[in-house]
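Engineer: The structure is given below, and queries will be raised subsequently.
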Amino acid sequence: MTRVDPLATTTAATVEVLRAGASTTVQDLGRQGWAHLGVPRSGALDPAALRLANRLVGNPESAAGLETTLTGCDLRLDRAGTVAVTGAVARVRVGDRPADVGRPVAVPEGVPVRIGPALRGVRSYVAVAGGVAVDPVLGSRSTDLLSGLGPAVLRDGDRLPLGSPFGLPAGVDFTVDGVVPTALRLTLTLGPRDDWFTPEAVHRLLNTPYTVSPDSNRVGVRLTGRALTRAVAGELPSEGLVLGAVQVPANGQPLIFLADHPTTGGYPVIGVVTDVTPLAQARPGTTVTFHGPQR
């Protein structure tokens, strides 16, 4: 990661990480087009939330911001600027005053911005006017937890460079209050290896609820529920994986791959979820059901 030496003389504006939280990363819209080299797309798990945050502060939608996980983070700008927080619902404070999620917020120089724990949802997105200007890797500033590309997961005391503001913040006269469901119904396309499972297992996947496990991250969401029984007991050579692939490890519990997924894997993929965006805000314990063509 591009970390600014606090003793160095520089005119570049920065944002200081006072409290990094559980897992706060730099994210933009990802580095698509490198899967043939084994590089995942990465990028914001809730891209609509990042796009909105960027629009609110006058950035291009593709600008890099911060993605927090459950516990929020605390920041401080060394120049006056504009900040917006979207995604998971959280309490936001600028110094001693409360601020709204989903609105552009003016932040004076040196005043802390505190994004509290997620009250609903999982991931908040923090955009700063000018965008986070760490060095891009393969065309993206996104942190990739699996391959280690891009900036490291943020730590207390990190200072990140900011770009020059692009334009005026958006005019907003209402606050978007995100509704985070406690149950998700995901569209699933079977294959390519659904024939490696018994008909009963496929029926079970499409007709019984599963639960989001706490053992989930940007690589994938692990589900717990009734195990899926294999019809083929042999080994499968590594095959390509895509966003939303539902892989079934040896324990029979399905795993849905997200933005930092590996590009190949050896466990059979029973199906592919067509839109994984709702999983970005799915807390542990969220109920997940699948629907799609019956076998």
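Engineer: In what sequence do V172, V15 fall when counting other Cβ within 10 Å, fewest first?
Structural biologist: Exposure proxy ranking, most exposed first: V172, V15.
Engineer: Give me the one-decimal nm value for the distance between modelled label points at T287 and A80, 7 Å along each residue's Cα-to-Cβ direction.
Structural biologist: Calculated label separation equals 5.1 nm.
Engineer: In which sequence would L146, L188 go, from the one with the fewest C-beta neighbours within 10 Å to the one with the most?
Structural biologist: On the way: L146 18, L188 22.
Listed from fewest to most nearby Cβ atoms, that is L146, L188.
Engineer: Please arrange Y210, Y267 by counting, for each residue, the other beta carbons lying within 10 Å of its beta carbon, fewest first.
Structural biologist: Least crowded to most crowded, the residues run Y267, Y210.
Engineer: Please give, to one decimal in nm, the separation of the simple spin-label points placed at A227 and E109, each 7 Å out from Cα toward the Cβ.
Structural biologist: With each label placed 7 Å out from Cα toward Cβ, I get 6.3 nm.
Engineer: Here is a further query. Hey, what number do you get for the chain at 222 nm if only DSSP H runs of n ≥ 4 count, each worth -39500 (n - 2.57), divided across all residues, to the nearest 500? The partial results should precede the final answer.
Structural biologist: Values: 2 runs with 19 residues, N = 295.
-2000 deg cm²/dmol, from helical runs alone.
Engineer: Sticking with this structure for a sec: So how tilted is helix 47-56 from the main axis of the chain? Cα-based, degrees 0 to 90, rounded to 10.
Structural biologist: 20
Engineer: Which three extents, in angstrom, do the Cα atoms of the chain have along their principal axes, listed largest first?
Structural biologist: For the chain, the Cα extents along the three principal axes come out at 63, 38, 28 Å.
Taken together, the values in this text are just the output of simple stated rules run on the coordinates, not laboratory data. If you're wondering where the values come from, they're calculated on a predicted model, not measured in any experiment. Note that each Cβ is placed from the backbone with ideal geometry, even for glycine, and that neighbours are counted across all protein chains shown.
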